[in-house]
Amino acid sequence: MKKVLFSVAALMAFGIASAQDATTTDGKGFSKGDVFMTGTVGFSSEKTGDFKTNEFTIAPSAGYFVSNNIAVGLNVGYMTTKEENPVDGDVDTNLFTIGAFARYYATPANDFSFFGQLGFDYATGKQEPEGAPENKVDGFNVALRPGVSYFISKNFALEASIGALGFTTVEPDGGESTDTFEIGVNLREINLGLVYKF
């Protein structure tokens, strides 16, 4: 773990040190009017004895720079989960999300830039337990995340973000809502992504 933390710190220090020299004379970086796409695709599978959970997620997003430092965008997503439970029966969950976000980039014209993202997402879907009526769920999430972006070519950038401050509420159909507030930096929740600039 110390090696991972040291590597992340060294990468950030290198990026900060070279950010002033890495301007967009080669077409890298962002500026007003730029459009970009990014997103998430993931699959996970967990098994304990006869209990098994499979999860698939896809969530593309697109943004537009309304000024040299500020980008706004929209995102959509779909997540499906199948829980195989030999005791209580299988449960299938399907969720659809739609949301909006705004980002502020500290040095958008450079290869390397820090950004902060404020996002709002609404989710709706249903759980289908085996042998029982389906259960509809709705919820929303508001989160503020710090991140970093690094251009590896004129059109492609690597980015990483981490959850820092967020609020989530989930309400099942006819049930009590579950509200979650979180603050902090959890290194297990680092999101890595690839950005394409048009």
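The values are calculated or read from the model by the stated rules, or taken from the named source; none is laboratory data. Note that the coordinates shown come from a computational prediction; the quantities given were computed from them, not determined experimentally. Positions of Cβ are backbone-derived with ideal geometry, glycine not excepted, and every protein chain shown enters the neighbour counts.
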(request) Collect the residues in segment 158-192 that are closer than 28 Å to N110 by Cα, at pLDDT below 85 and part of a strand (DSSP E or B), keeping them in residue-number order. (result) I162, L165, I190, N191, L192
(request) Scan (1) surrounded by 12 or more Cβ atoms within 10 Å (Cβ to Cβ); (2) within 14 Å of P108 (Cβ to Cβ) for the single condition G27 breaks and write down its number. (result) (1)
(request) Six or more apart or on different chains, Cβ under 8 Å: which pairs go from a residue in segment 33-46 that's more than 15 Å from L192 (Cβ to Cβ) to one that's among the hydrophobic types (A, V, I, L, M, F, W, C) and outside any strand (DSSP E or B)? Could you list them? (result) D34/F198; V35/F198; F36/F30; F36/F198; M37/F198
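Residue by residue through segment 43-95, note down the ones that are part of a strand (DSSP E or B), over 17 Å from G33 (Cα atoms), among the polar types (S, T, N, Q) and touching a strand residue (DSSP E or B) at 6+ places or on another chain (Cβ under 9 Å). Break it down stepwise before answering.
Taking segment 43-95 first, the residues part of a strand (DSSP E or B) are 43-48, 51-65, 70-84, 91-95.
From the residues that got through so far, the ones that are over 17 Å from G33 (Cα atoms) too are 43-48, 51-60, 75-84, 91-95.
Applying the additional criterion that residues be among the polar types (S, T, N, Q) yields 44-45, 48, 53-54, 57, 75, 80-81, 93-94.
Correct list: S44, S45, T53, N54, T57, N75, T80, T81, T93, N94.
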